1. Starting from segment 15-27, take each residue that is at negative phi and free of Cβ contacts under 8 Å to residues at least 40 places away in the same chain and list its partners that are outside any helix (DSSP H, G or I) and surrounded by fewer than 16 Cβ atoms within 10 Å (Cβ to Cβ), counting only C-beta distances under 7 angstrom and pairs at least six apart or across chains.
2. For residues that are at pLDDT below 70 and loosely packed, with under 11 Cβ neighbours inside 10 Å, scanning just segment 73-87, find the one that is nearest to residue 19 (Cα to Cα).
């Protein structure tokens, strides 16, 4: 979100730890509400081993594309349609 504001507390008491379909729908709703094309996933404060262990697909995609590690900067992202739809 703009300025790095957290928003999941308004959608679910588990916040960012809510199931991914809930998080995806919340992200989609905030993107539409604010007219955003993407949001930022910021895990730059985490140890690289944590990032590889918890987000292996994202890490591999960044590594394969020659991008920097998600452990070093935030990433622009959108929720997958299947998660936003609750599939």
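1. If the second residue must be outside any helix (DSSP H, G or I) and surrounded by fewer than 16 Cβ atoms within 10 Å (Cβ to Cβ), the pairs left are 18/12; 22/12.
2. 87
The values are calculated or read from the model by the stated rules, or taken from the named source; none is laboratory data. Please read these numbers as outputs of a predicted model, since none were measured by experiment. We place every Cβ from the backbone using ideal geometry, glycine too, and count neighbours over all the protein chains shown.
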